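Step one of this worksheet: look at the structure below.
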Amino acid sequence: MDDDICPTETALDVIGGKWKGMILFYLNPDKKRFNELRRVLPGITQRMLTKQLRELEEDGLVHREVYPVVPPKVEYSLTDLGQALSPVLSSLKVWGEKYLECKKSK
């Protein structure tokens, strides 16, 4: 491994941004269709969701399954590598809840 590469920076580059963490969170534990993800992510545009899903797929965290039916059916799920992030995302959720509670009490 290259000593100049920071693993934490790499992880944040892969899952960083406004939407990727939330997409990964909502894909755990069940696969979802595109419109199901749009429903649980109000505010994300169709274009942005498509872009983020493609990037997560390229990074090996999300699997895209296309079924040969009419109308087309596409489902997204976590790969094993994506599922390995589940404890991290759950911990972030717990931390976020504590943070919001602290902010409220100030």
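Only the coordinates and a few stated rules stand behind these numbers; no lab work does. No experiment lies behind these values; they were computed from the predicted model shown. So basically every Cβ, Gly included, is an ideal-geometry build from the backbone, and we count neighbours across all protein chains shown.
Hey, which of the helices (runs of 4 or more DSSP H) in the stretch 34-94, taking only ones fully inside, have at least 2 residues that are farther than 28 Å from Thr8 by Cβ?
Working: elements: 34-40, 46-58, 80-83.
Per the criteria, 34-40, 46-58.
Among the numbered conditions (1) in contact with a Leu (Cβ under 7 Å, 6 or more places away or on another chain); (2) among the small types (Gly, Ala, Ser); (3) farther than 16 Å from Gly16 by Cβ, the only one that Ser105 does not meet is (1). In the stretch 77-88, is there at least one residue being without any contact (Cβ under 8 Å) to a residue 12 or more places away in the chain and within 23 Å of Phe34 (Cβ to Cβ)? Scanning the stretch 77-88 turns up at least one residue that is without any contact (Cβ under 8 Å) to a residue 12 or more places away in the chain and within 23 Å of Phe34 (Cβ to Cβ).
Here is a yes/no grid of residues against (1) of a type outside the set (Lys, Arg); (2) touching a Ser or Thr at 6+ places or on another chain (Cβ under 6 Å); (3) exposed (fewer than 10 other Cβ atoms within 10 Å of the Cβ); (4) on the phi < 0 side of the Ramachandran plot:
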position	(1), (2), (3), (4)
Cys6	yes, no, no, yes
Val14	yes, no, no, yes
Ile23	yes, no, no, yes
Lys31	no, yes, no, yes
Leu53	yes, no, no, yes
Leu85	yes, no, no, yes
Ser105	yes, no, yes, yes
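Filtering the stretch 28-54 to residues that are of a type outside the set (A, V, I, L, M, F, W, C), without any contact (Cβ under 8 Å) to a residue 60 or more places away in the chain and under 21 Å from Ser90 (Cα atoms) leaves Pro29, Asp30, Lys31, Lys32, Glu36, Arg38, Arg39, Pro42, Gln52.
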